[in-house]
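**Q** Sharing a structure below in structure tokens format, with a few things to ask.
The values are calculated or read from the model by the stated rules, or taken from the named source; none is laboratory data. Quantities reported herein were computed from a predicted structural model and do not represent experimental measurements. Counting neighbours? That spans all protein chains shown, and the Cβs are built from the backbone with ideal geometry, glycine included.
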Amino acid sequence: MHIHEAGAMHGDFASLRPGWLGVPDDVNALLPRLWANNVARSDDGVVRLGGLSVADLAEEFGTPAYVLDEDDFRARCRAWAEAFDGADVFYAAKAFCSKAVLRAAVEEGLNVDVCTAGELAVALAAGIEPYRLGYHGNNKSPAELRQAIELRVGRIVADSYTEIERIASIGAELGIRPHVMVRVNVGVEAHTHEYIATAHEDQKFGFSLADGDAYEAAGRVAASEHMYLAGLHSHIGSQIFDTSAFEVSAARLVRLFARLQEEIDEPMADLDLGGGFGMPYTSQDDPQPPVDIAASLGKIVQTECAAAGIGAPRLSIEPGRTLIGPAVFTLYEVGTVKPVKLSAGASRLYVSVDGGMSDNIRPALYDASYSATVASRSSEAAPALARVVGKHCEAGDIVVKDEFLPADVAPGDLLAVPGTGAYCRSMGSNYNHVPRPPVVAVRGGQARVILARETVDDLLRLDVG
Ligand code: LLP
């Protein structure tokens, strides 16, 4: 048994919180970059989105609920499309996948990246034309590949020799020649503020650049009469703030691109740098604007292409989190509040809400940090160090590990957690048979449900005895 000794964690108040979390001057203040554009606390102390109060939203749609600022999402899509003018921006559907959101992304000029038949089905149900879709993943089944080829999706990203063979034989059988990109494992692994650039990266995706597999795979695709080699694809990680990681990756890709261009008959056009651009979850995170990211990536690609004596390829990127993440907050109702005494007179306020790890697994899975505010009112009370936890039967069911909330936070208060648009609903579960919350979109001051609340009946329907 692991016995936790009384130590730093149980010491004085200051040592209970992480170094980055300062005691707020005003516990009601919202840090603008953590919240969607149209969210603000009004003079009456209530948080509103596009003028709609969280109290009204909770009354109409219930809690917990994911609340999407659709105007904000659309503005982010436009900002990335404009910053990467001349390139293709694919919205990574895995971050959050619903008909309304995929349709909005396309209406704002983006393409969509899917990686399973399920995500593809949503895109098709949203009326998105298959040529606007990229299809990747490391284990696309023969049925999935057949469907993608029949539909003539814009690009299929091949991830293994097995897939290359499958695509060729399905293409031959159907008499369709799909556009295939080769996923390159560039040896750059990036997470948050750090990255490592090695020759080899020990993970399941792509063909190794260092081993010559990427070169070999691209050659095989180019040589096949059943596929077009459309270009090279990469993705180096998640929540990346350091553009130098992308620069190293882009430089390595361009060198391979140039070598292949010299040797193959039909030149490739596309270079995809993947997604992974960081978004702010807490005051620690301050990402660069897309124009700056586009400028530094464009420059490195141009420099490398000039050095290699080739024209610049058409760039593409696949952001998910940075587009949808900040556009959503989760609205919970506080159920219980419990001060838990720790040593040296310090205590932590455990605030239980009506959701938890089933609507946001990221704190439990990645130790991800979030922030929170009491949204239904402002408070004059002093800040108290709090931990927002869910209703699941698991000690690791944490929604916000460290946050200052007003000391008078009480049952019935509404609590909002910003930055929950990406990988929360899409990675949601039914643990403890808790149905998944709805997604409510607010556009132009009007709210509508775009993804309905799951019910216990929905879950029972699958339980066929
Ligand atoms: N393109 C490819 C090929 C990817 O694998 C991913 C994410 C993306 C684009 C989008 O990355 P984004 O811009 O959203 O960071 N569930 C984890 C992240 C896993 C992402 C996997 N691939 C999380 O909650 O952080």
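**Q** Only residues that are outside any strand (DSSP E or B) and either closer than 19 Å to residue 320 by Cα or free of Cβ contacts under 8 Å to residues at least 24 places away in the same chain (or both): list them for the range 224-248, please.
**A** 234, 235, 236, 239, 241, 242, 243, 245, 246
**Q** Quick one: residue 193 ticks every box in (1) of a type outside the set (A, V, I, L, M, F, W, C); (2) modelled with pLDDT of 95 or more; (3) within 16 Å of the ligand (Cβ to nearest atom) bar one, so which box is it?
**A** (2)
**Q** Taking the residues in the range 283-309 that are more than 18 Å from residue 80 (Cα to Cα) and assigned to a loop (DSSP other than H, G, I, E, B) as candidates, determine which candidate is modelled with the lowest pLDDT.
**A** Result: 309.
**Q** Which residues, taken from the range 367-385, are within 19 Å of residue 47 (Cβ to Cβ) and within 16 Å of the ligand (Cβ to nearest atom)?
**A** 370
**Q** If we only count helices (runs of 4 or more DSSP H) wholly inside the range 47-128, which ones have 3 or more residues that are within 20 Å of the chain's Cα centre (by Cα)?
**A** 70-83, 99-107, 117-125
**Q** Next up: Taking the residues in the range 107-118 that are farther than 26 Å from residue 86 by Cβ and in contact with a helix residue (DSSP H, G or I) (Cβ under 9 Å, 6 or more places away or on another chain) as candidates, determine which candidate is nearest to the ligand (Cβ to nearest atom).
**A** Keep residues of the range 107-118 that are farther than 26 Å from residue 86 by Cβ, which gives 116-118.
Cutting the leftovers down to in contact with a helix residue (DSSP H, G or I) (Cβ under 9 Å, 6 or more places away or on another chain) gives us 116-117.
Values: 116: 12, 117: 17 Å.
Filtering the range 107-118 for residues that are farther than 26 Å from residue 86 by Cβ and in contact with a helix residue (DSSP H, G or I) (Cβ under 9 Å, 6 or more places away or on another chain), the one nearest to the ligand (Cβ to nearest atom) comes out as 116.
**Q** Among (1) outside the structural domain of residue 32 (by TED's automatic domain parsing); (2) within 16 Å of the ligand (Cβ to nearest atom), where does residue 364 come up short?
**A** That leaves (1) as the condition not met.
**Q** Among the residues of the range 228-243, is there at least one that is closer than 24 Å to residue 175 by Cβ and away from the ligand (no atom under 16 Å from the Cβ)?
**A** yes
**Q** On the basis of being acidic (Asp, Glu) and either outside the structural domain of residue 187 (by TED's automatic domain parsing) or within 16 Å of the ligand (Cβ to nearest atom) (or both), does residue 272 make the cut?
**A** yes
**Q** Only one of 400, 389, 417 is in contact (Cβ under 8 Å) with a residue 60 or more places away in the chain and hydrophobic (A, V, I, L, M, F, W, C). Can you tell me which?
**A** After ruling out the rest, the residue left standing is 417.
**Q** Another question, then. Which number in (1) more than 30 Å from residue 277 (Cα to Cα); (2) of a type in the set (D, E, K, R); (3) within 14 Å of the ligand (Cβ to nearest atom) marks the one condition that residue 333 misses?
**A** (3)
**Q** For the condition surrounded by fewer than 17 Cβ atoms within 10 Å (Cβ to Cβ) and of a type outside the set (Ser, Thr, Tyr), what is the one hit in 287, 319, 339, 326?
**A** Just a single option satisfies the conditions, and that option is 339.
**Q** Return the total of residues in the range 75-106 being surrounded by fewer than 20 Cβ atoms within 10 Å (Cβ to Cβ), farther than 16 Å from residue 133 by Cβ and touching a helix residue (DSSP H, G or I) at 6+ places or on another chain (Cβ under 6 Å).
**A** 2
**Q** Out of curiosity, is residue 417 within 16 Å of the ligand (Cβ to nearest atom) and part of a strand (DSSP E or B)?
**A** yes
**Q** Further, regarding this structure: Check off (1) buried (at least 19 other Cβ atoms within 10 Å of the Cβ); (2) at pLDDT 95 or above for residue 150 and give me the number that stays unchecked.
**A** So residue 150 meets the others, but not (1).
**Q** Could you pull out the residue among 428, 396, 444 that is modelled with pLDDT of 95 or more and on the phi > 0 side of the Ramachandran plot?
**A** On the way: 428 fails: on the phi > 0 side of the Ramachandran plot; 396 fails: on the phi > 0 side of the Ramachandran plot.
Exactly one of 428, 396, 444 is modelled with pLDDT of 95 or more and on the phi > 0 side of the Ramachandran plot, namely 444.
**Q** Out of the range 398-410, which residues are surrounded by 21 or more Cβ atoms within 10 Å (Cβ to Cβ) and within 27 Å of the chain's Cα centre (by Cα)?
**A** 398, 399, 400, 403, 405
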